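The values are calculated or read from the model by the stated rules, or taken from the named source; none is laboratory data. Since this is a predicted model, take the numbers as computed values, not measurements. Ideal geometry is used to build each Cβ from the backbone, glycine not excepted, and the neighbour counts take in all protein chains shown. Surface accessibility is based on the protein's heavy atoms, side chains included, excluding ligands, DNA and RNA. Shrake-Rupley method; radii C 1.70, N 1.55, O 1.52, S 1.80 Å.
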Amino acid sequence: GGAGASSNAAVAFGGNPTKTCTESYNGTTWAAGGSMSTGRSYVSGNGTAIDALAIGGNTQCFCTERFNGVTWSNISNLNVGRLFGASAGSANSTFFAGGLNPSALSCVEEFICADYQVGTWTAGANMITARGYLAGIAGGATANAHLVYGGCSPSVVSCTEAYDGTSWSTTSALATAR
C-alpha cells in the first residue's frame with residue numbers, strides 16, 4: 001500500500017506475502033520506518049506521508065492501522081474484511097469501496113474520526129455493480145462525492161458509478177474495460 005500528497009512526501013508499506021515494512025520518501029531518497037502491526041499485501045493506502053491509513057489486505061483482513069510518520073497503531077476494524085479494495089479521502093475521512101470477499105464485492109464503508117482518535121467504520125450504500133480490483137476511485141476528503149470505475153465482476157468491466165454520500169448512480173463508462 002501507499003499514501004502521499006505530493007511527489008516529495010510519500011510512504012510505502014506492506015507487501016507480498018506479509019511484509020510489515022514501511023519506507024518514507026522525501027523527494028530524493030527512501031528511508032526505513034516503523035513496522036506495521038499486521039503484515040499484509042494487497043492493502044489499500046490513503047492519507048499523507050505523516051498521517052496515513054493501511055486498510056484491509058490479504059486473507060480478507062479486517063484490520064486498519066494508522067501511521068503518524070514514525071509508528072503504526074491499530075484503529076477500528078473494517079466491518080467486512082477484504083483485499084484489493086480502493087480508498088480515497090484523508091486519514092480522518094476515508095471512503096473504502098469494493099474489494100475481494102465473495103460476500104462483499106459491492107461493499108462500501110466510510111471511516112470518520114477526529115484527529116488521531118479511534119474513529120469508526122460505517123457501512124454505506126452498496127455499489128450497483130459488485131466488483132473487486134477497482135481500476136480507480138476519485139474523491140475528496142469527504143465521503144459525499146466519489147467516483148469508482150472499472151474492476152472485475154468477474155471479468156473486467158468499464159462501468160463507472162458516482163456516489164453522492166447516500167446512493168450510487170451510473171455515469172459514462174470507461175472507453176476501455178480495465
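Does Thr38 satisfy the condition of being open to solvent by less than 60 Å² (accessible area, probe 1.4 Å), more than 24 Å from Gly136 (Cβ to Cβ) and of a type in the set (Val, Ile, Thr)? Yes, satisfied.
Note on the stretch 32-68: residues that are among the hydroxyl-bearing types (Ser, Thr, Tyr) and outside any strand (DSSP E or B) total 6. Is it true that Glu110 is acidic (Asp, Glu), closer than 17 Å to Ala52 by Cα and open to solvent by less than 40 Å² (accessible area, probe 1.4 Å)? So Glu110 fits the description; yes.
Of the numbered criteria (1) over 23 Å from Tyr42 (Cα atoms); (2) modelled with pLDDT under 85, the one Asn101 fails is (1). Filtering Ser7, Ser24 for residues that are open to solvent by 20 Å² or more (accessible area, probe 1.4 Å) and either among the aliphatic types (A, V, I, L, M) or in contact with a strand residue (DSSP E or B) (Cβ under 8 Å, 6 or more places away or on another chain) (or both) leaves a single hit, Ser24. Annotation note: Cβ proximity below 7 Å between a residue of the stretch 27-42 that is without any contact (Cβ under 8 Å) to a residue 12 or more places away in the chain and a residue that is open to solvent by 30 Å² or more (accessible area, probe 1.4 Å) and hydroxyl-bearing (Ser, Thr, Tyr) (sequence gap 6+ or interchain) occurs for Ala31/Ser24.
Look at (1) on the phi < 0 side of the Ramachandran plot; (2) modelled with pLDDT of 85 or more; (3) not basic (Lys, Arg) and you find that Gly150 fails only one, number (1).
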